[in-house]
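**Student:** Take this structure first; my questions come after.
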C-alpha cells in the first residue's frame, strides 16, 4: 500500500484528506502543528525528514487568516512560502512527489473571464503575496511538485462561509452579503478527492506535476452562494432569511478581495480525468449533513 504523508491535521482540507485517503488505498501519516510547526521552517523540514521516505506528500497546512495577514505579513510569508519551499526541496532531494495548495488570491480579479494557469498573477493582499511566493518557492525547488490553486473552500469542519451563513441565518431574518465578487465554491471533500487522484498519479510516475487550477464547477457571487445555502436549509428551518445584495465598498475589509475569483479547472480534468463536482450538488449534500447532525 502506498504511503502518504499529509501536512496538517485539523484544517478543512487536511480533515478531508485524512478521512478519504485510507478509502483511496493509502497508508496515511498526518503531521499536525505539534509535530511540524510551519512557523519554524528548519524544524518543520527536519520533522518531515524523520518520516521520509513516502510515496507522496500533500501539504494541507497554511496561514489562511486573510485580513490578519495584512498586519502579519512576515509570519504569513514564513508559513505560506519559506516553509513550503524547504519542504519541497527536501522532497525533491528524496525523490518524493510534493503536492501544494494555493489560492485564487494570487490574481487581482480584473479579468472578465475565468482564470487559466497561464494568466499573470498580480496579488493585491499580503495573503495573496505570501501564497504566490509559496508557489514560486515550490517550483524553484525542482523535483516532482504539483501546485493546485483553489477557491472558496467550504466543509463541515472549521470556519468557512457555509457554516457562518448557517449560524447567522438561524439567528437573523435578513443578511447583507457582497454580490460583486464572483468565484467557484469548492467543497473540501471534492478538493481532497481530486488531490488524492493527482498524488496517486505522481506516485505511480504517470504525472510529473505542474501548476493547476482546481475549483468547483460553476460560479456564483457571495450573495448567490448565501441564497443557495438558505434554499437547501429551508426544509430544516421554520423560516428562511432573506439575502440583501451589497457591494464590496459597503463591506470594507483590511485585505482586498479579487472581484473575479473564477478558476478554469479544465486542464486538471484533462490530465487527471476528474475535477470537483458542481458546487450546487456538493453544497446540497453538505447543508443536509450539517443540519441533520445538529438536530
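The values are calculated or read from the model by the stated rules, or taken from the named source; none is laboratory data. Treat the numbers as computed from the prediction; the structure is a model and nothing was measured. Positions of Cβ are backbone-derived with ideal geometry, glycine not excepted, and every protein chain shown enters the neighbour counts.
**Student:** Just to be sure before I move on: is residue 280 farther than 30 Å from residue 70 by Cα and either free of Cβ contacts under 8 Å to residues at least 12 places away in the same chain or within 20 Å of the chain's Cα centre (by Cα) (or both) in the structure I sent? Working first, answer last.
**Tutor:** Details: farther than 30 Å from residue 70 by Cα: yes; either free of Cβ contacts under 8 Å to residues at least 12 places away in the same chain or within 20 Å of the chain's Cα centre (by Cα) (or both): yes.
Criteria met by residue 280.
Here's the yes/no breakdown for (1) over 16 Å from residue 214 (Cα atoms); (2) modelled with pLDDT of 95 or more; (3) out of contact with any strand residue (DSSP E or B) (no Cβ under 9 Å at 6 or more places or on another chain); (4) surrounded by fewer than 20 Cβ atoms within 10 Å (Cβ to Cβ):
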position	(1), (2), (3), (4)
124	yes, yes, yes, yes
128	yes, yes, no, no
134	yes, yes, no, no
140	yes, yes, yes, yes
152	no, yes, no, no
156	yes, no, yes, yes
160	yes, yes, no, yes
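**Student:** Report, by residue number, each residue of the range 271-295 that is farther than 22 Å from residue 194 by Cα and buried (at least 16 other Cβ atoms within 10 Å of the Cβ).
**Tutor:** The answer is 290, 291.
**Student:** While we're looking at this one, here's another question. The conditions are (1) free of Cβ contacts under 8 Å to residues at least 40 places away in the same chain; (2) crowded, with 17+ Cβ neighbours inside 10 Å; (3) more than 17 Å from the chain's Cα centre (by Cα); (4) within 26 Å of residue 187 (Cβ to Cβ), and residue 23 fails exactly one of them. Which is it?
**Tutor:** (2)
**Student:** Separate question: State which residue is surrounded by the fewest Cβ atoms within 10 Å (Cβ to Cβ) when the search covers only the range 172-206 and only residues that are assigned to a loop (DSSP other than H, G, I, E, B) and at pLDDT 95 or above.
**Tutor:** So the residue we want is 205.
**Student:** Moving to a separate point now. Which of (1) assigned to a helix (DSSP H, G or I); (2) under 21 Å from residue 158 (Cβ atoms); (3) without any contact (Cβ under 8 Å) to a residue 40 or more places away in the chain does residue 13 not meet, given it meets every other one?
**Tutor:** Here residue 13 clears every test but (3).
**Student:** Can we say residue 66 is outside any helix (DSSP H, G or I) and closer than 27 Å to residue 271 by Cα? Quick ask: steps written out before the conclusion?
**Tutor:** Working: outside any helix (DSSP H, G or I): yes; closer than 27 Å to residue 271 by Cα: no.
No: the conditions fail for residue 66.
**Student:** Separate question: Identify, by number, the condition in (1) in contact (Cβ under 8 Å) with a residue 12 or more places away in the chain; (2) closer than 27 Å to residue 174 by Cβ that residue 249 doesn't meet.
**Tutor:** Looking at each condition in turn, residue 249 falls short on (1).
**Student:** I would also like to ask the following. Please enumerate the residues belonging to the range 252-270 that are exposed (fewer than 13 other Cβ atoms within 10 Å of the Cβ), closer than 17 Å to residue 179 by Cα and in contact (Cβ under 8 Å) with a residue 12 or more places away in the chain.
**Tutor:** Passing the criteria: only 253.
**Student:** What do you reckon, is residue 43 within 24 Å of residue 186 (Cα to Cα) and surrounded by fewer than 18 Cβ atoms within 10 Å (Cβ to Cβ)?
**Tutor:** Taking the combined requirement at face value, the residue does not satisfy it.
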